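Below you'll find the structure, written out as structure tokens, and then a few comments.
The values are calculated or read from the model by the stated rules, or taken from the named source; none is laboratory data. Computed from a predicted model, the values in this text were never measured in an experiment. Backbone-built Cβ (ideal geometry, glycine too); neighbour counts: all protein chains shown.
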Amino acid sequence: MAFEVLPVASLHGVAKTPGDKSISHRALMISALADGDSTLEGLSRGHDVLGTAAALRSLGIEIEDDATVIVHGGADRMVEPISNLDCGNSGTTIRLMLGLLAGRGIHATLVGDASLSGRPMDRVKVPLELMGALVEGQGPRCQPPVSVSRTDPLVGIDYTLPVASAQVKSAILFAGLFASSETIVREHSATRVHTEEMFTEAGIAVSVSKDEAITTTLQPGLPHARTWHIPGDPSQAAFFVVAGLLGADASVTISNLYAGPGRSGFLDVLMRMGASIQREISGQTMKVTASSSELLGTEILATEIPSLDEVPILSVAAAAAQGTTIFRDVGELRVKESDRYAQSAALARSLGATVSEQGDDLVIEGLGTARRFRQISLDPHGDHRMAMSAAIAGVVGAGATISDISCVETSFPGFFDQLGGLA
């Protein structure tokens, strides 16, 4: 059933995001490998993360889910699943799980929904097979269903990522825990470092050096059980930040957000566009307040927002800005949960902005204010970020009709309640 979003005159208050999704996935997987009980506080309850928990249960790991989550871990507890592991819509689940399973030496077949079944796994297949695993998927891009197995112990490799991807890097590192020698991953562009940070916190020997490339070196070993405190997700906060900036009378605060490297690039981009953003950092968390602003177009490099997760909502900001915004080298958007390149372009165009698609660059000539947005209708094609971006555009503009919002549950249960609370 279509969901109607109405424009509002003002947006004020405090929004709360779920626990960081990237950290939540990794906390579950690391805890599953650790011998003993780990406690996870603040775990995301989105469908993607719950899917990771379900997959681990299918592998024999006991997980208690109450106000806090307790994982009774141990690599030796893991067994071959009696059925396929359903990864739903989550690229993080399937790619990291391929690395974990290859390392542990467990044969399994991983499946996903229609969207995930169209996403390539060849970038994980290549390095894992160099380590000694066997990864088989569908077609030349190794799309799901994809199976993983091995007969001999894995060997460590020295591998340079051809395309920046924290998921591929993490899959290699998870497999490397069980390798017979050290594993080295080299990157030419920085990506999220959650796996490296969390492995270090769990007692794994990981070192990172920066020269011509960013080089991560991992020694084999198993993590220790511990308590994980999972901060809020900055990628989810981006929607409320843009709402606070584009609203005619708005001020929105989001606190307890992860403040580590690689996740705040969208804030730097928005501040360069003239955004009124206050950022208070305390240790590894931050509080962000965004207030009504007049934005100017800018040039945005893919390296500034390595995961590209914030491009859909930044395209809404670009549509409201005065002047031209150019997203450089964002072709990777085409193989996300949907073709986010085409969808982001279509969303900005439907709002009334002038849009051109130039190879892997996306160019948006803004309207100068969200008050000039048109009323829009959007089919998110099962993509949670597109649905939430359209909702923000509708609230600060002239309204929106979204054909299906169920996909939002994959990452941000309660998003529309939070948005309604600000109105």
Residues that are assigned by TED's automatic domain parsing to the domain that holds Phe240, in contact with a Ser or Thr (Cβ under 6 Å, 6 or more places away or on another chain) and either part of a loop (DSSP other than H, G, I, E, B) or more than 30 Å from Asp249 (Cβ to Cβ) (or both): does the stretch 319-335 have at least one?
no
Taking the conditions exactly as written (assigned to a loop (DSSP other than H, G, I, E, B) and closer than 24 Å to Pro306 by Cα), does Thr191 satisfy them or not?
yes
Filter result for the condition that a residue is in contact (Cβ under 8 Å) with a residue 24 or more places away in the chain and touching a Gly at 6+ places or on another chain (Cβ under 6 Å), over Val252, Val269:
Val252
Which members of the stretch 6-55 meet the condition of being assigned to a loop (DSSP other than H, G, I, E, B) and aliphatic (A, V, I, L, M)?
Leu6, Val8, Ala9, Ala34, Leu43
Of all residues in the stretch 402-411 being part of a loop (DSSP other than H, G, I, E, B) and at pLDDT 95 or above, the one that is farthest from Thr253 (Cα to Cα)
Ser403
Report the residue count in the stretch 213-256 for those that are aromatic (Phe, Trp, Tyr) and closer than 13 Å to Leu267 by Cα.
2
Checking the condition hydrophobic (A, V, I, L, M, F, W, C), crowded, with 21+ Cβ neighbours inside 10 Å and within 20 Å of the chain's Cα centre (by Cα), which residue from Ala171, Ala114, Ala133, Ala179 passes?
Ala171
Ser38: buried (at least 17 other Cβ atoms within 10 Å of the Cβ), more than 29 Å from Leu419 (Cα to Cα) and at pLDDT 95 or above, yes or no?
yes
Residues of the stretch 377-423 being within 20 Å of Leu11 (Cα to Cα), β-branched (Val, Ile, Thr), crowded, with 18+ Cβ neighbours inside 10 Å and more than 21 Å from the chain's Cα centre (by Cα), which ones?
Val395, Val396
Looking only at residues in the stretch 351-369 that are out of contact with any Lys or Arg (no Cβ under 8 Å at 6 or more places or on another chain) and free of Cβ contacts under 8 Å to residues at least 12 places away in the same chain, which one is nearest to Gly399 (Cα to Cα)?
Thr354
For the condition surrounded by fewer than 17 Cβ atoms within 10 Å (Cβ to Cβ) and touching a residue at least 60 places away in the same chain (Cβ under 8 Å), what is the one hit in Pro261, Pro220?
Pro261
State all residues of the stretch 267-296 that are outside any strand (DSSP E or B) and out of contact with any strand residue (DSSP E or B) (no Cβ under 9 Å at 6 or more places or on another chain); if no residue qualifies, say none.
Asp268, Gly283
Quick one: which of Gly399, Gly382 is modelled with pLDDT under 95, in the same structural domain as Leu314 (by TED's automatic domain parsing) and on the phi > 0 side of the Ramachandran plot?
Gly382
Does Arg141 qualify as being more than 16 Å from the chain's Cα centre (by Cα), assigned by TED's automatic domain parsing to the domain that holds Gly112, exposed (fewer than 15 other Cβ atoms within 10 Å of the Cβ) and more than 20 Å from Ala32 (Cβ to Cβ)?
yes
Would you confirm, using the coordinates I've provided, whether Ser377 is among the hydroxyl-bearing types (Ser, Thr, Tyr) and part of a helix (DSSP H, G or I)?
no
